[in-house]
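What follows is a single structure, written as structure tokens, with notes after it.
The values are calculated or read from the model by the stated rules, or taken from the named source; none is laboratory data. Just so it is clear, the model here is predicted, and its values are computed rather than measured. When we count neighbours, we look across all protein chains shown, and the Cβ atoms used for this are built from the backbone with ideal geometry, even at glycine. Note: areas computed on protein heavy atoms with side chains; ligands, DNA, RNA excluded. Shrake-Rupley method; radii C 1.70, N 1.55, O 1.52, S 1.80 Å.
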Amino acid sequence: MLKVLIVDDTQEKIVKIREVLEGYVEKPDDVPICGCIREALKACVHTRFDLVILDLFIPNIAGECPNPENAQSFLKIIKEDPDYICPVFVIGI
């Protein structure tokens, strides 16, 4: 089964993504959710995800205003910084 990480701060989208994941992951409700870039980076320290579903308009830190530059910075960090495990695939939504 796939190891999937959802990086999104919108509950409605998270529910729909989990519905789509049924059949691809054992328990869609157990797929980790990160509501900001900081949480997503922490998740990528110890786990190699097969797929990261990344909101392209997300806050850097919980409570901040979303910004498209945050998703770009996440992609750059996980690709270039050896402290993070780069996922196999990333889908931007």
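Filtered by the rule that a residue be buried (at least 16 other Cβ atoms within 10 Å of the Cβ) and among the acidic types (D, E), the range 1-17 gives D8, D9. Just one of the numbered conditions (1) assigned to a helix (DSSP H, G or I); (2) of a type in the set (S, T, Y); (3) in contact (Cβ under 8 Å) with a residue 40 or more places away in the chain is not true of S73: (3). Within the range 76-89, the set of residues being of a type in the set (A, V, I, L, M, F, W, C), within 14 Å of A43 (Cα to Cα) and outside any helix (DSSP H, G or I) comprises I85, C86.
If we keep just the residues of the range 18-61 that are aliphatic (A, V, I, L, M) and touching a residue at least 40 places away in the same chain (Cβ under 8 Å), which is most open to solvent (accessible area, probe 1.4 Å)? Of everything passing the filter in the range 18-61, V45 is most open to solvent (accessible area, probe 1.4 Å).
When the residues of the range 82-93 are filtered to those that are more than 12 Å from the chain's Cα centre (by Cα) and surrounded by 13 or more Cβ atoms within 10 Å (Cβ to Cβ), which remaining residue is nearest to R18 (Cα to Cα)?
Kept after step one, since they are more than 12 Å from the chain's Cα centre (by Cα), are these residues of the range 82-93: 82-85, 88.
Going one step further and asking which of them are surrounded by 13 or more Cβ atoms within 10 Å (Cβ to Cβ), we end up with 84-85.
Working: Y84: 25, I85: 23 Å.
Restricting to residues being more than 12 Å from the chain's Cα centre (by Cα) and surrounded by 13 or more Cβ atoms within 10 Å (Cβ to Cβ), the top hit is I85.
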